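The values are calculated or read from the model by the stated rules, or taken from the named source; none is laboratory data. All values derive from a computational prediction rather than experimental measurement. Neighbour counts are summed over all protein chains in view; Cβ atoms, including those assigned to glycine, are modelled from backbone coordinates with ideal geometry. In case anyone asks, the SASA skips ligands and DNA or RNA and just uses the protein heavy atoms, side chains included. Shrake-Rupley method; radii C 1.70, N 1.55, O 1.52, S 1.80 Å.
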Amino acid sequence: IIVAIDGIVERADRNSKHFLLYLPEGELHELGLLFYYYLLKKRGHRITYLGQSVPLEDLYKTVDLINPNYLVTKVYSSMDLKELRLYLENLSKNLPKLDILFDSYIEEIPKLEKRKNLFHVKDVDQFIGILNVI
């Protein structure tokens, strides 16, 4: 996937969006996030990729520095439902102007669905669907 990403010629233009991709602290699986990176770059978007196990403090500093349009993350192994809910509510509250796309093993997170800047990506097809309307 990394070779495929590197092989894509950058073609960002004024309509391109800027995506910040990362995994929260304790998350070490990058393959799915790298695939999202590939899909985004293939569509001409700008990407900042922080990688795995990023502390919230570092994430917030990076957002302040680069001012992305979207935040993309995946949570699969480091949090239970309660921890994930608190983590995402914290992100939503502290980054209210940023659309947050999160992929998680948890299929339904009812209270989070009401937050206007949180979008639960349930699979790759849904992620592609979101990209098609951005």
Convex hull volume per residue for the range 59-104, taking Cα atoms only, in Å³: 69
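Hey, got the dipole for the chain? About the Cα centre, +1 on K and R Cβ, -1 on D and E Cβ, debye to the nearest 20? Present the calculation step by step, with values, prior to reporting the outcome.
Details: 18 positive and 19 negative charges, 124 e Å.
Dipole about the Cα centre, nearest 20: 600 debye.
Ranked from the most accessible area to the least, with a 1.4 Å probe and all protein chains present, what is the order of Phe102, Phe35? Display every interim value, and only then the final one.
Details: Phe102 5, Phe35 75 Å².
Per-residue accessible area, sorted high to low, gives Phe35, Phe102.
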Using alpha-carbon coordinates, inclination of helix 56-66 to the longest axis of the chain, degrees: 40
Under 5 Å, built H, 5+ apart or other chain: amide partners of Ser53: Leu23, Gly26, Glu27
From the C-alpha gyration tensor of the range 11-74, square roots of 5λ in Å: 20, 15, 6
Accessible surface ranking that places the most exposed of Tyr70, Tyr38, Tyr22 first, with a 1.4 angstrom probe: Tyr38, Tyr70, Tyr22
For the chain, with +1 on Lys and Arg beta carbons and -1 on Asp and Glu, the positive-most of Gly51, Leu28, Ile8 along the dipole: Ile8
Amide H within-cut-off set for Val121, under 5 Å, with H built and near neighbours excluded: Phe102, Asp103, Ser104
Whole-Hz ³J(HN,Hα) from phi, Karplus 6.51 cos²θ - 1.76 cosθ + 1.60, for the range 123-134, glycine and proline x: 6, 5, 4, 5, 4, 4, x, 5, 4, 5, 9, 6
In sequence order, calculated HN-Hα J values of the range 69-86 (Karplus, 6.51, -1.76, 1.60; Hz; x Gly/Pro): 7, 9, 10, 10, 9, 10, 10, 10, 9, 9, 9, 8, 4, 5, 5, 5, 4, 4
Karplus-derived HN-Hα couplings along the range 91-97 (A = 6.51, B = -1.76, C = 1.60, θ = phi - 60°), whole Hz, x at Gly and Pro: 4, 4, 5, 7, 10, x, 8
Label zone at Arg43 (point 7 Å along Cα-to-Cβ), backbone N below 15 Å, the range 60-101: 69-73, 99-101
Solvent-free Debye scattering, log10 I(q)/I(0), computed from the Cα coordinates of the range 4-134 at q = 0.10, 0.16 Å⁻¹: -0.29, -0.78
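When the helix-only estimate is applied to the chain (DSSP H runs of n ≥ 4, each -39,500 (n - 2.57), divided by the residue count), what is the mean residue ellipticity at 222 nm, nearest 500 deg cm²/dmol? Write down the numbers at each step before the final one.
Numbers: 5 runs with 53 residues, N = 134.
Counting only the DSSP helices, I get -12000 deg cm²/dmol.
Please report how many Lys pairs in the range 52-134 have alpha carbons closer than 12 angstrom, counting only residues at least 8 apart along the chain or sitting on separate chains. Don't skip to the answer; put the middle values down first.
Details: Lys74/Lys122; Lys82/Lys111; Lys93/Lys116; Lys97/Lys116.
Pairs that pass both the separation and distance tests number 4.
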Residues whose placed amide H lies under 5 Å from that of Leu71, excluding near-sequence neighbours: Leu20, Asp99, Ile100, Leu101
